Structures are given as structure tokens and as C-alpha cells.
1. Please give, to one decimal in nm, the separation of the simple spin-label points placed at A:Leu324 and A:Ser7, each 7 Å out from Cα toward the Cβ.
2. For A:Arg73 and A:Ser98, what does the FRET efficiency come to when R0 = 22 Å and r is the distance between their Cβ atoms, rounded to the nearest 0.05?
3. Based on the Cβ-Cβ distance of A:Asp367 and A:Thr288, what FRET efficiency does E = 1/(1 + (r/R0)^6) give at R0 = 25 Å, to the nearest 0.05?
4. Taking the Cβ of A:Asp90 as the centre, find all other residues whose Cβ is under 12 Å away and add up their charges (Lys, Arg: +1; Asp, Glu: -1).
5. Mean projection of the alpha-carbon convex hull of segment A:193-254 over all orientations, in nm²?
6. Want the number for A:Ser43 to A:Ala343: 0.36 nm per residue separation, take away the alpha-carbon distance, what's left?
7. Which of the three applies to segment A:105-250, rounded, prolate or oblate, going by the alpha-carbon gyration tensor with a ≥ b ≥ c and a/c under 1.5 meaning rounded?
8. Using amide H atoms built in the peptide plane, which far-off residues or other-chain residues are under 5 Å from A:Gly188 H to H?
Amino acid sequence: MFEFSTSARSGRARTGHFQTPHGIVQTPLFMPVGTLGSVKGISPQEIKEIGSQITLGNTYHLLLRPGPERVQRLGGLHGFAAYDGPWLTDSGGFQVMSLGHMRRISEEGVVFQSHLNGDLIELSPEKSVGVQEALGADIIMAFDECPPYPADREYMRDSVERTLRWLERCLKAKTRADQALFAIAQGGVDLELRKVSAEATVRFDTPGYAIGGLAVGEPKEGMYPAVELSTRILPGSKPRYLMGVGHPEDLVASVALGVDMFDCVYPTRTGRFGYALVPEGRMNLKLTKRLDDPAPIDPECDCYACRHFSRAYLSHLVRAEEMLGLRMISLHNLRYLHRLMEAARAAIATNEYGEFARDFAEKRFPDGIPEWFRKALRDGGHWS
RNA sequence: GUGAGUGUAGCUCAGCCGGUUAGAGCACUGGUCUGUGGAACCAGGGGUCGUGGGUUCAAGUCCCAUCACUCACC
């Protein structure tokens, strides 16, 4: 259980598989975010049909409602949410930063106000692990702090060290052997602190490692050196999970650097805002001209929306704020990222990841492939 | 038929005792959104102020007529 095996390698990009109590997952992979135990608007059956392998549940949201004890009583996430595939829960640390009001961070943990009703809530390494054990995911995450960008150096240093002490407490608090706890390396875009954090984190020898604290507003030129350094230090024998990253170009560039797992709200959130992911980037279905466009979102796509609906109809639905439209675009966007990862796995297996990434980039960046993307591929050994 | 009221942006309305380039919310048109609030934010287009006269240096605002709509009463 929780043994990660690498199947193929091409430069730094690699494919692999990871055994969880609820099934084997193939990497690299993208995980949809199921905030409240549901991927917004998408049923478990659809999740399986589009090729999702792991669903991410948010500890923060599930702690506020319906509460971990209730979820546990009703069968854990697998039973309660009626999805028997692998689950991963985050630690709640990120939402404390992004949603919590009046948060106060101390050595003990974090006290913050619920964004729903203002209730004072405490979250600590022990509490987070306890909640995640009750929720029952296959993979749980260490309770970390994700400082905002930009953050001053002194604060970042304190935060990185505190997150390491919190990691130790998480591992100590952990009681279930059927869950894998992934540690999270932090450090923002500061390469020295990244190194300190990653090296110290590796010593805990957890079954997987996450790269946290990125995609919080920093430029790509700051983000990629941090990813590159992290994947050099985090061992190749374990899955490497880049948290919160989900732009298609970021997946392609990060896989080149050796990242195995991603999660992001991007495909579903941007879908609810009326944007469909396509090889050229994003298609805005709210634009007036889409109302007369009979083509599917993407003729190459095999998702339900692309097989049945026109851009015109979806545009009409989105404008009317009709549920089906939001659902279908979300479904398509998730399928798009899964297809992208399937194609990446196939390219790695035949040692053609560089060609795959270049083909992707030529469509995605018709006005020129940005330097950060080229550099990520060069650093990964996929661009001569 | 009589009396009263209302006509200002696509919609709902604000515009003081007459005083610069007539405003707001929603809608519309673009844009932003990376460990999820169907949220939020940024920018933009759009009005001969129902119509016709009059008073005045100056009228969305005051006066007269007229049209439309609403309500009340014979």
C-alpha cells in the first residue's frame, strides 16, 4: 500500500502508479476539487466517466459543514459522498489564509473566524489530522501554513520552520495506518528557503511530498525556479504533488520538471464563469458571437458536452445562468485536463514528452512560446 | 366625462429655490480569477429628459397646449 512505482521516464518527466486502499492511480494526474465532498455540479458517475482518479475534499469546508463526526458516522467520504474511488483531503491550512477572517497564527496553530457565520474555529496539526482521519480519505495532507505572495523574508523563514514543526506533530498525531500522509514543502519563491524546507521535509520520509505555497499570485518567473528546485530535492521514488496548480500550460511545464500530481479549482471555477478550456487557451462562451456558433466546444473532445451540445446552446445556457450549462462546461474542462494528462503519460511512455510539450505550446502560444515555458522544458531535459 | 398623478439609459428610479459635460442600481459589452462562496473586482457603450410652443442670459427643472399610461370619482 502507498508504494509509488515509476514505470517510464523521459527526462525528468515520468509516469508511475500509486496504490491506495480504493484503487491504483496512474501519474501524472490531475485531481478535481470536491470542496464539500462534491466536485461542484458533477456526479460521481460522471467523475469516473471522464477519467478522474482522485477527488480532493476540503478539510476546512467539511469541518464547517457538515462536520467530520457526521461524515465519519455516515461512512466517511467514500460512503457519505457515494464515491468509492480514492480521496485526498487537504489540511485546511490554505483556506485559513484565503477564506478565514481575523486569523491569528501561533506556534500552537491557527484561530480564525468562519467565513460562513463568524464562529471562532481552531485548527492545529493535531486537529487537522483528527478531522482528516474522520473524513477518511486515502491520502491526507500535513497541516501547513501557506503565506501570501509577497511575504517578507523574516516572516517566510519563521513560517517555513513552523510548518516543519507542525509536520512533526502531524505525524505524531496520526493513528490510521490505512491513510498516507503527504508532507508539504514551503518557502514561496525564495530559493534558499525552498531548499531548506524541501531538504528538511524529505527527512520525514513520508509516502509523498507536496510543493505548496506556489500559484498564489507570483509571476511564472518566480514560480518555476521554485518548482524546479523542489523536484530536484524531493526524491523521485515518491509522488510529487504541486498544490493548487491547474492551468494547462502549468501542468505541461511542471510534468516536464517531474511533478506527478496536481489539483486545482481552475477547470470547474472557470467553467462556472463561462470559459471552456481548449488547446488555444480559453474560449469565452459568454461572448455574443458564440450564440450563433453551431460547433462543439472542441471537436477533438470526447466529453458528453462536446458530443452533444453546440457552443451556441451552451452560450445560451451560461447567459441564462442555467445549471446545465455550468455543469457541462465544468465537465468538459475536467475532461480536457484528464485528456492532457493521458496524452502526457502516453508521450512519456514512448519517450516523446518533449515533442508532446512543443506541440502543445505551439497551439497554446501562437504568438510565441514564453521563456518560462521553454526554460521549464530545458530544465527537465525535454528541450535541446 | 371630471379630478389627480406619472412620463429622464433596455428596466427600476434619483436629479434641491432654474445654473458647468444629466447620474445610480440592475441589464448589456469587454476583461481579471491556480490547495472552490454560482462570489468578487476592473473597464466600457448607451439618453434630442414623451411631443410642440412659451418665459428666461440660462429649462430635465417654471408656464401653456398636446399625447400616452395609472389611479380615483360620476
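1. For A:Leu324 paired with A:Ser7, the spin-label model returns 3.7 nm.
2. That gives a FRET efficiency of 0.15.
3. So, using R0 = 25 Å, E works out to roughly 0.55.
4. -2
5. The Cα convex hull of segment A:193-254, projected and averaged over all directions, gives 4.1 nm².
6. Answer, rounded to one decimal: 105.6 nm.
7. It is oblate, given that a/c is not under 1.5 and a/b is not larger than b/c.
8. Those lying under 5 Å, H to H, from A:Gly188: there are none.
Each reported figure results from applying straightforward, stated rules to the coordinates on display, with no laboratory input. Quantities reported herein were computed from a predicted structural model and do not represent experimental measurements. Neighbour counts run over all protein chains shown; Cβ positions are idealised from the backbone, glycine included.
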